[in-house]
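Working notes, structure below.
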Amino acid sequence: MAKIIGFSGSTVKSGVLEKAMEQVLKSTGHEWELVRLNDINMKYCTGCVGCGTTNRCVLKDDINEILDKILEADAILLGGVARFGKLNALTKVFIERLFPFVHRYMLTKGKIAATVAGGFFHQEVVKDELSSILQTLGMEDVGSITIDGNASCFKCGYGETCNYSAFRAKYGQDAKITDDVFYVFDKDEKAVEKATLLGKKIAEAINQKAKNLK
Ligand SMILES: Cc1cc2nc3c(=O)[nH]c(=O)nc-3n(C[C@H](O)[C@H](O)[C@H](O)COP(=O)(O)O)c2cc1C
């Protein structure tokens, strides 16, 4: 059985991104694991280039273990969310820590990968950023999906009245925050279907690669 590792860059535990990623991973029919980047010990890349000759990071945290996991995995799934109109910081910190792969060998070259982009407004921006990262790492990008999300203004208490409310910006100045405006991934049949299809695409790519190697 193949193994697929997902990396969730959302800081929200069991949030929309995680639910969508779990659906993708489950749908592959293979063994899978979802790593919450917020739960690992991960420092910022210091730019020391200590990884230049060894393709390993010199910082003392969890990242070398993660690099091994990526190398061993048959495919990876990368998920990020929008914050301030761009890919969020935690996901970006993780990407920078993949620098050891790049030197001389591009160890991620040909690795099967797919992405899940979440957000309230800027899912497409996130999707493009994630795809471009896979390209930079020479990965085989088998697909990406965008997923809706909930703005923080839904629950701050002032979403219906605040002049800077993302909720009002999207749904109109007089809109009311009712239960049905909260986005719940499992209730969005189309999104569940998209995620399921992406999982199947990953599995197909793994099968195809195995056939090509025979
Ligand atoms: C500080 C902060 C800033 C955000 N900025 C944006 C943004 O600029 N554009 C956007 O589309 N969503 C923005 N969001 C909404 C998140 O992207 C959304 O909640 C997320 O996609 C939902 O997935 P999650 O439940 O896994 O966090 C922001 C959320 C937070 C907490």
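The values are calculated or read from the model by the stated rules, or taken from the named source; none is laboratory data. Owing to the predicted nature of the structure, the values given are computational and were not obtained by experimental measurement. Note: ideal-geometry Cβ built from the backbone for every residue, glycine included; neighbour counts use all protein chains shown.
For segment 1-34, a residue qualifies if it is within 16 Å of the ligand (Cβ to nearest atom), buried (at least 20 other Cβ atoms within 10 Å of the Cβ) and not in a helix (DSSP H, G or I), and the qualifying residues are Gly6, Phe7, Ser8, Gly9, Ser10.
Does any residue of segment 118-135 turn out to be of a type in the set (Asp, Glu) and touching a Leu at 6+ places or on another chain (Cβ under 7 Å)? Yes; the residues of segment 118-135 include at least one that is of a type in the set (Asp, Glu) and touching a Leu at 6+ places or on another chain (Cβ under 7 Å).
In segment 177-196, the residue that is surrounded by the most Cβ atoms within 10 Å (Cβ to Cβ) out of those that are assigned to a helix (DSSP H, G or I) and without any contact (Cβ under 8 Å) to a residue 24 or more places away in the chain is Glu193.
Selection of segment 35-48 for residues being in contact (Cβ under 8 Å) with a residue 12 or more places away in the chain and part of a loop (DSSP other than H, G, I, E, B) yields Ile40, Asn41, Met42, Lys43, Tyr44, Cys45, Thr46. Would you check which residues across segment 100-129 are within 16 Å of the ligand (Cβ to nearest atom) and either in a strand (DSSP E or B) or in contact with a Gly (Cβ under 6 Å, 6 or more places away or on another chain) (or both) and list them? Matches in segment 100-129: Thr115, Val116, Ala117, Gly118, Gly119, Phe120, His122, Val126.
Against the definition (in contact with a Cys (Cβ under 8 Å, 6 or more places away or on another chain) and of a type outside the set (Lys, Arg)), how does Leu67 come out, yes or no?
yes
Filter segment 134-150 for residues that are part of a strand (DSSP E or B) and within 16 Å of the ligand (Cβ to nearest atom); which is nearest to Gly110 (Cα to Cα)?
The qualifying residue nearest to Gly110 (Cα to Cα) is Ser144.
Condition check ((1) under 20 Å from Leu90 (Cβ atoms); (2) at pLDDT below 95) across all residues:
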position	(1), (2)
Gly118	yes, no
Gln123	yes, no
Glu129	yes, no
Gln135	no, no
Gly138	no, no
Asp141	no, no
Ser144	yes, no
Asp148	yes, no
Phe154	no, yes
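The condition of being in a helix (DSSP H, G or I) and in the same structural domain as Leu134 (by TED's automatic domain parsing) holds for only one of Asp68, Asp61, that being Asp68.
Answer with yes or no whether Glu96 is acidic (Asp, Glu), under 23 Å from Val12 (Cα atoms) and more than 10 Å from the ligand (Cβ to nearest atom). When the stated conditions are applied, Glu96 passes them. Of the residues screened, Asp74 is not one that is charged (D, E, K, R) and exposed (fewer than 14 other Cβ atoms within 10 Å of the Cβ). Among residues of segment 103-130 that are among the polar types (S, T, N, Q), those with a beta-carbon under 6 Å from a residue that is within 16 Å of the ligand (Cβ to nearest atom) and at pLDDT 95 or above at least six positions away or on a different chain give the pairs Thr115/Leu78; Thr115/Leu130; Thr115/Ser144; Gln123/Ala117; Gln123/Thr146.
Is it the case that Ser144 is closer than 28 Å to Lys190 by Cα, surrounded by fewer than 16 Cβ atoms within 10 Å (Cβ to Cβ) and within 16 Å of the chain's Cα centre (by Cα)?
When the stated conditions are applied, Ser144 does not pass them.
Taking each residue of segment 1-17 that is in contact (Cβ under 8 Å) with a residue 12 or more places away in the chain and hydroxyl-bearing (Ser, Thr, Tyr) and looking for partners that are surrounded by fewer than 16 Cβ atoms within 10 Å (Cβ to Cβ) and not in a strand (DSSP E or B) with beta-carbon atoms closer than 6 Å, six or more apart or interchain, yields Thr11/Asn38.
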